[in-house]
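The next block holds one structure in the form of structure tokens; read it before the comments.
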Amino acid sequence: MVTATVKTIPVKHCNFEAKVKTAGSGSPLLYLHAAGGPIWDPFIEGLCERYTVYAPHHPGTGETARDAIYSVENLWDLLLIYEEMLDGLGLKSVPVIGTSFGGMMACELAAHQPHRVSKLIVLDPIGLWREDAPVAPYMLMPPDKLVATLYKDLSSPAVQAALKMPDDPNEVAVITADLIWALGATGKFVWPIPDKGLKKRLHRVKAPTLIVWGEDDALVSSVYAKEFASRIANSRVEIIKDCGHVPQVERLEVLAPIVAKFLES
């Protein structure tokens, strides 16, 4: 297991104090987490073997101040925070990986500042909307239903390891509360539906883009893979079979080599 540190980056916009978990060695790579908050998982550990991974905590989640979310009023604020944060980290042009909500934000960043993103990888991103395939209302789901929506096979060892809770009930309570707060902190940028005009901006993405989707995603249907690809000129799609919304957990053995090959190409 790699040793990670948390960098604090003062951001003038919204007077936000960014927290960025960092580990690994090699060229830099930016990782944007899902709506449920930052998780340091085996997928990121694997990336750290070849890259210095920068994984910022979204305002109001992880180690950031909980009340930070109140001053970050809209998507534009959030993008400007990311921009200043990248300046503070000294990152000019880097590959970006985003999953789910983080995938949406990775696309927004690549559309807003194309020169910042050298390669783009999105894992089951939200951000678009089809009336015939609505995104599941994950923010309203109780934890057990949310988990059942995220994963195809709850019995798999990888999923069981990801869902394992500590024995201490107080720690479980804290984890549950953090999840609920994180869903709220990220949810304000996608409520009531995750369509905030990204479809009008995706044509601005210039980076080579890999769009990965779990074939059996019950939260965001895999039909959205083609929707993203049709709007991003230099993109390709990888559909992972027998997989739900979180391929980095459920099918890591399939995802990892796909991502490695794309980053190294």
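Structure above, values below:
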| quantity | calculated |
| --- | --- |
| L109 vs. criteria in a helix (DSSP H, G or I), buried (at least 19 other Cβ atoms within 10 Å of the Cβ) and in contact (Cβ under 8 Å) with a residue 12 or more places away in the chain | yes |
| Cβ pairs under 6 Å, 6+ apart, first in segment 112-124 and in contact (Cβ under 8 Å) with a residue 60 or more places away in the chain, second surrounded by 24 or more Cβ atoms within 10 Å (Cβ to Cβ) and among the acidic types (D, E) | D124/D217 |
| Among residues of segment 39-88, those that are at pLDDT below 95 and touching a Gly at 6+ places or on another chain (Cβ under 7 Å), counted | 3 |
| Close pairs (7 angstrom Cβ cut-off, 6 or more residues apart or separate chains): within 20 Å of E227 (Cβ to Cβ) in segment 127-156, polar (S, T, N, Q) anywhere | A133/S221; A136/T149; Y138/T149 |
| Any hit, segment 92-103, residues being free of Cβ contacts under 8 Å to residues at least 12 places away in the same chain and either assigned to a helix (DSSP H, G or I) or acidic (D, E) (or both) | no |
| One residue from T8, T22, T3 being touching a strand residue (DSSP E or B) at 6+ places or on another chain (Cβ under 8 Å), assigned to a strand (DSSP E or B), surrounded by fewer than 16 Cβ atoms within 10 Å (Cβ to Cβ) and of a type in the set (V, I, T) | T8 |
| When residues of segment 185-202 are limited to those that are more than 18 Å from the chain's Cα centre (by Cα) and in a loop (DSSP other than H, G, I, E, B), the one modelled with the lowest pLDDT | P192 |
| Filter result (touching a residue at least 60 places away in the same chain (Cβ under 8 Å) and assigned to a loop (DSSP other than H, G, I, E, B)) within segment 63-91 | N74, L91 |
| Count - residues of segment 25-61 that are part of a strand (DSSP E or B) and touching a helix residue (DSSP H, G or I) at 6+ places or on another chain (Cβ under 7 Å) | 7 |
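The values are calculated or read from the model by the stated rules, or taken from the named source; none is laboratory data. Since the model is a prediction, treat every value here as computed from it, not as a measurement. Ideal geometry is used to build each Cβ from the backbone, glycine not excepted, and the neighbour counts take in all protein chains shown.
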